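Values quoted throughout were computed directly from the atomic coordinates according to the rules given, and no laboratory measurement underlies them. Note that the structure is predicted; figures quoted are calculated from it, not measured. Backbone-built Cβ (ideal geometry, glycine too); neighbour counts: all protein chains shown.
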Amino acid sequence: MPDRPRGAESGGRLGPLTLGLVAAALLLGVPYFEAIRNANERPRLLQGIALVECGQWAIDGPSARGLSPGPDISRSPVDGRLYPNKPPATSVVAATAYAAARIGEPPTLRSYTMWARLLGGWLPTVLLCFWALRRFTPGLGAAPVAAAIALYALGTPAAAYAHLLYGHQLAAALLICGAVTCVDAAGEGRRGAAATGGALAGLSVAVEYGAAFAGLPIAVALAAVWVAGSRSGGRSLPAILAAILAAIGGALVPAALVAAYHAAVFGSPWATGYHHVVNPDFAAKHGQGLLGLGLPTAAGIHEHLLAADTGLLWWAPLVVVGFAGLVMLARENDAATRRAARVLLGILGLFLLLTVSLSFTGGWRIGPRYVVVALPAMIPGLARVLAAGRARAWILASVAALATWSFVLNGLAANLWPHLDPTSINVPFGEVLVPLARSGAEPYDVLSALGAGDLPLALLVGGTTAAAGLLSLAQIARGSRRRWGALFLGVAVGVLALAASMRLPAHLRAAANLRYIERVWEPKSGVAGPTARLDPLAPGTARCGGAGG
């Protein structure tokens, strides 16, 4: 392991302070647009209402109140009714949000959506960062881990999806925490923790079907734990075996619940909503290969990794740094470090491969959204490289340049417009985000909702993001003029790169796309727009009945 200053393992106040700044930066701005029919969120929101008001999963009853569910829906062969084509766990979170929103005055679609995003996007992200701080600080040091958390949460598409009810951040928190926990516990022979980790990882599949693919690297990691135990003399083998079986048993519980949902709604434990989608275009895409999964293609590699509008290397170039750091950690002498790094490396690598192998792209999005579930795997890898940056100034300068680019790009998208349409955009930074920022566009903000008045939100969010990033990176540079120089050089290079990207050619429809965004923008002139009221249902419809009421 790289040298660390004495006391780095304790974390002191740096970790909690960075975590607080990250949480604030993700919470202050609340982008919401009533005119946007968010295809990913709307059916889950409707299912949350149906669960609370009707005690049922179908979304086409009176509880929908005439709201369109959008195209991400399926028709059940069992009862002919409409359901989301997604797994059900995110809808359960939405139901919790709806119950909270109903306290006091009847909620509006806006207030309900914001509650749902808070519980389904922001809170899982903050809890994931808190877990990472506790798990990785003892081995990698407070400053590198705090900086890595800020880079992940504010410098990748995680920042945008923490503002939305897409399920990506909830699935990411469950999967990454669960995978590392069950592998850690298996290596130490702790059955209870292994079962908990397995249950968390299994529950991620109830949020996002694609998370099931992570079962492969987790299984390989558990097998490696068994082999390592065998080579150590076999005295711990019974405890290791019991822990592995506990992890598998924990994962089977949410799997059984999802299978029961499928059987009740779609007629078979193996039938998902994607098998019964209503939209014919969606059905055609999901019908290719294994639910839309085939072999990697050149077009997929370009769109999901390289393109300026949707590519991961544009939206999260730090993934290269994190991946390299995981490779380094996978070779460490400490067994626990190796186990965690290898399972995370396997998850990140597998989801990168899966993403470039899909026949569909994800609609309006920030970056390649199907890899978002694996992005937290970057955190320990980033911390390892940052720790190495103490001895090599060029590493610190490189990370600082990529971080500056990433903070600005993802911060603007997350707080201004997390609904980029790649069919009308070549370079989102210059065509959408900078024009919105120049015009003074600001989203709803939590401070105004709390009665704190109309404050310059762009300055607050930007300042909080910069404080979180620079505070943590400054701890890496502290004590050396050379490192401070490298840090400032990196920031300057990042700013120059952003300026240079403004000169890239715009899409032919970029101006029309921007006019559309400005037309649906909320709030206009600081005044909230109209929103649908979710008044209580009339007497006699409490159980909702069928689609007709």
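Mean residue ellipticity at 222 nm, helices only, the chain: -18500 deg cm²/dmol; runs of at least 4 DSSP H residues each add -39,500 (n - 2.57), and the sum is divided by the number of residues.
Round to the nearest 0.05 the FRET efficiency obtained for Leu67 and Leu241 when R0 = 60 Å and r is the Cβ-Cβ distance. The formula returns an efficiency of 0.70 here. Loop-located trypsin sites (Lys or Arg not before Pro) in the range 342-407 (DSSP state other than H, G, I, E, B) with a sparse environment of at most 16 neighbouring Cβ atoms within 10 Å: Arg392.
If the segment from Ser480 to Leu17 were pulled out straight at 0.36 nm per residue, it would be longer than the present Cα-Cα gap by 164.4 nm. When the Cα gyration tensor is reduced to axis lengths a ≥ b ≥ c, the ratio a/c is 1.5 or higher for the chain, and with a/b not above b/c it is classed as oblate. Amide H contacts for Ile73 (H built 1.01 Å from N in the peptide plane; partners 5 or more residues away or on another chain; cut-off under 5 Å): Asn85, Val278, Asn279. Determine ³J(HN,Hα), in whole Hz, for all residues of the range 163-177 in sequence, where each value follows from phi through the Karplus function 6.51 cos²θ - 1.76 cosθ + 1.60 and θ = phi - 60°; x replaces Gly and Pro. With the stated coefficients, the range 163-177 comes to 9, 10, 9, 8, x, 5, 6, 5, 5, 4, 4, 5, 5, 5, 4 Hz. Each label point is 7 Å from the Cα along the Cα-to-Cβ direction; what then is the distance between the points at Glu518 and Val327, in nm? Once both label points are built, they end up 4.6 nm from each other. For the range 260-275, backbone phi angles converted through the Karplus equation (6.51, -1.76, 1.60; θ = phi - 60°) give residue-by-residue couplings of 5, 4, 4, 5, 6, 8, 10, x, 7, x, 9, 8, 9, x, 5, 7 Hz, Gly and Pro being listed as x.
Here r is the Cβ-Cβ distance between Val253 and Ala500 and R0 is 60 Å; the resulting FRET efficiency, rounded to 0.05, is 0.70.
If R0 equals 25 Å, the separation of the Cβ atoms of Trp270 and Val92 corresponds to a calculated FRET efficiency of about 0.70.
The stretch between Ile103 and Val220, if pulled fully straight at 0.36 nm per residue, gains 37.4 nm over its current Cα-Cα span. Summarising the strand pairing of the chain, around 100 percent of its internal DSSP beta bridges are antiparallel. Counting charges near Thr90 (Lys, Arg +1; Asp, Glu -1) among other residues having Cβ under 15 Å from its Cβ returns a value of +2. Net length available on complete extension from Phe488 to Ala336 is 51.2 nm, with 0.36 nm assigned per residue and the Cα-Cα distance removed. The modelled label-to-label distance between Ala437 and Ala298, using points 7 Å beyond Cα along the C-beta direction, is 3.5 nm.
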